[in-house]
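The values are calculated or read from the model by the stated rules, or taken from the named source; none is laboratory data. The structure presented is a predicted model; accordingly, all values stated were derived computationally and were not measured. Cβ placement follows ideal geometry from the backbone for every residue including glycine, while neighbour counts extend to all protein chains displayed.
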């Protein structure tokens, strides 16, 4: 795998990693909008830069729509996906927090990496402002974070840099680096209330980069 830059925005890093590579995109459908529409913009962007892209998701309706638009996608989970193919990069964006056994999922997907291939994971950061507020409502959740870096509210697990790196290492991959990001920025195209929420969520990151709302981790399968 060629060297890559970790400088710049989240998108800059991602584009640098995926350009002219064979990609497995886990969770390719993403989330549906309030009007039950989806434009698959993230997957389209990945396809623009990559050499080849295969997407997987458990959303049957979304996969059917993507295939009708000419994408190559399969209905499969992170734990159940099977293929003879090997990939330069496995992308797992905003998926791992919904998986019941993150270590099993990462270990399974790592088997489909080429030697020196990269795995790119992003998840909500447990120390992001909005996540702290959610967890503050439940003392037991805070206690679990302090003990092992992972907690659950409903069906969602959240991670900090050390706990995600530990999963990477246990899976047999080499942890290269972790970094927090702000994904959403204030915009004139959204409501005042939404902009206020985005601002409050991003303030800790501006003060200290350890407290960003989103966490990106990059790992490598050594030869």
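Under the condition of being under 24 Å from residue 110 (Cβ atoms) and modelled with pLDDT under 50, which residue from the stretch 152-197 is surrounded by the fewest Cβ atoms within 10 Å (Cβ to Cβ)?
Result: 155.
If a residue must be at positive phi and modelled with pLDDT of 90 or more, how many such residues does the stretch 94-129 contain?
1
Pick from the stretch 44-65 the residues that are within 22 Å of residue 97 (Cβ to Cβ) and touching a strand residue (DSSP E or B) at 6+ places or on another chain (Cβ under 6 Å): which of them is surrounded by the fewest Cβ atoms within 10 Å (Cβ to Cβ)? Walk me through it before giving the result.
Within the stretch 44-65, the first condition is being within 22 Å of residue 97 (Cβ to Cβ), and the residues that meet it are 45-46, 55-63.
Now restrict to residues that are touching a strand residue (DSSP E or B) at 6+ places or on another chain (Cβ under 6 Å): 46, 55-56, 60, 63.
Numbers: 46: 22, 55: 26, 56: 22, 60: 10, 63: 20.
The qualifying residue surrounded by the fewest Cβ atoms within 10 Å (Cβ to Cβ) is 60.
Show me the strands (runs of 3 or more DSSP E) entirely contained within the stretch 37-106 in which 1 or more residues are under 14 Å from residue 24 (Cβ atoms) and free of Cβ contacts under 8 Å to residues at least 60 places away in the same chain. Can you show your working first?
Details: elements: 52-57, 73-75, 87-93.
Ranges flagged: 52-57, 73-75.
Could you say whether any residue in the stretch 78-85 is closer than 22 Å to residue 215 by Cβ, in contact with a helix residue (DSSP H, G or I) (Cβ under 9 Å, 6 or more places away or on another chain) and crowded, with 23+ Cβ neighbours inside 10 Å?
Yes, the stretch 78-85 contains a residue that is closer than 22 Å to residue 215 by Cβ, in contact with a helix residue (DSSP H, G or I) (Cβ under 9 Å, 6 or more places away or on another chain) and crowded, with 23+ Cβ neighbours inside 10 Å.
Step by step: first the residues of the stretch 3-37, then only those that are in contact with a helix residue (DSSP H, G or I) (Cβ under 8 Å, 6 or more places away or on another chain) and farther than 23 Å from residue 213 by Cβ, then the one that is modelled with the lowest pLDDT. Which residue is that?
Selected residue: 4.
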